[in-house]
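The next block holds one structure in the form of structure tokens; read it before the comments.
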Amino acid sequence: MSFLLLCLLFLTLGFISGQKLKMAKKLTRRISESILFFILISLGYKVGSNREILNSLNSLGLQALVICLAGVLGSIFAVWLYLSRRKSSDH
Amino acid sequence: MTIKIIGLTFLGGVLGYFFPNFSNAIDPIVSVALLLMLFFVGLDFGQDRTLYEHIKKEGPSLLIFPVLIALGSLGGSIIAGMFLPITILESVTVGSAFGWYSLSGPLLSKMVSEPLGTIAFLANLMRELLTFLLVPLLAKVRLDKNGVKALTFSPAGATSMDVTLGVIHKATETKTAIAAFISGAVLSMLAPILLQFFISLMI
């Protein structure tokens with residue numbers, strides 16, 4: 001939970017700095033994109049280096065995959081339903 | 001972009017598989033990288049002069065999205081539970097973490113059982129990884145021309161306030177990134193509450 005507060009703090013710090021100093025939008029996007037790519041490699045590394053995760057993939061992994069897909073599809077469906085109904089009521 | 005995401009994650013996986021020596025260092029490094037990324041995303045938010053007005057005007061209406069995302073996830077995992085060896089209650093508990101694997105995995109391992117903790121860890125980790133793949137694709141769907149592209153962050157769940165915010169920010173525009181952050185923050189607060197509630201029904 002405290003990490004969430006830290007996240008909020010850094011976002012706010014960035015927000016305040018953004019209002020004070022002018023920095024090229026392209027540059028800020030470039031930097032956050034580079035960090036994103038680094039995070040992706042790290043996440044992959046975390047999974048690849050953890051033998052426990054790799055070993056449990058076949059047994060419990062399938063159940064996990066089903067729940068993951070069901071949750072993701074459910075969320076997409078709920079938002080899609082809302083957006084498409086709102087769109088049709090606009091006209 | 002999806003190719004790049006798969007490629008980089010896969011590259012990381014291969015590196016991790018053959019050189020696992022740094023696995024203990026990776027968590028603090030990712031945390032620092034995340035905070036840095038959030039700082040720069042915030043910097044981008046801060047430079048948008050119209051943003052404050054936008055949040056003031058549309059802020060409350062953005063709260064509908066985390067509610068819909070939560071209901072969709074819970075509904076989906078209830079349906080999944082009907083077809084799985086685990087109970088429906090166990091399945092919906094796993095689904096109620098909304099992608100927060102570092103919370104749900106250890107919590108369920110400790111409070112309920114090791115296998116359920118492992119399923120929760122894997123399912124929510126998969127959700128986070130799948131989100132990286134889906135965001136660029138969902139960003140192309142034109143549902144609401146002027147509105148927030150809420151479809152892009154609906155698979156993200158709680159992760160759209162930190163880990164997946166970067167990819168959402170990159171695939172869409174500032175307005176959607178703000179909505180994604182708000183949605184992720186709400187779901188991050190909701191996940192521990194729901195987890196505690198479902199666990200209390202089990203034990």
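Tabulated values for the structure
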quantity	calculated
Residue ranges of helices (runs of 4 or more DSSP H) in region A:8-91 with at least 1 members within 20 Å of residue B:176 (Cα to Cα) and within 7 Å of chain B (Cβ to nearest Cβ)	A:25-49, A:61-90
Residue that is farthest from residue A:23 (Cα to Cα), among those in region B:6-64 that are facing chain A (nearest Cβ under 7 Å) and aromatic (Phe, Trp, Tyr)	B:17
Some residue of region A:29-38 being among the polar types (S, T, N, Q), under 27 Å from residue B:91 (Cα atoms) and surrounded by 13 or more Cβ atoms within 10 Å (Cβ to Cβ)	no
Pick from region B:73-92, criterion part of a helix (DSSP H, G or I) and not aliphatic (A, V, I, L, M), ranking: surrounded by the most Cβ atoms within 10 Å (Cβ to Cβ)	B:73
Qualifying residue in region A:44-58 (condition: under 30 Å from residue B:51 (Cβ atoms), modelled with pLDDT under 90, surrounded by 18 or more Cβ atoms within 10 Å (Cβ to Cβ) and aliphatic (A, V, I, L, M))	no
Among (1) surrounded by fewer than 19 Cβ atoms within 10 Å (Cβ to Cβ); (2) farther than 18 Å from residue B:69 by Cβ; (3) not acidic (Asp, Glu) - the single one residue B:192 does not satisfy	(2)
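The values are calculated or read from the model by the stated rules, or taken from the named source; none is laboratory data. Treat the numbers as computed from the prediction; the structure is a model and nothing was measured. Every residue, glycine among them, receives a Cβ derived from its backbone with ideal geometry; neighbour counts consider all protein chains shown.
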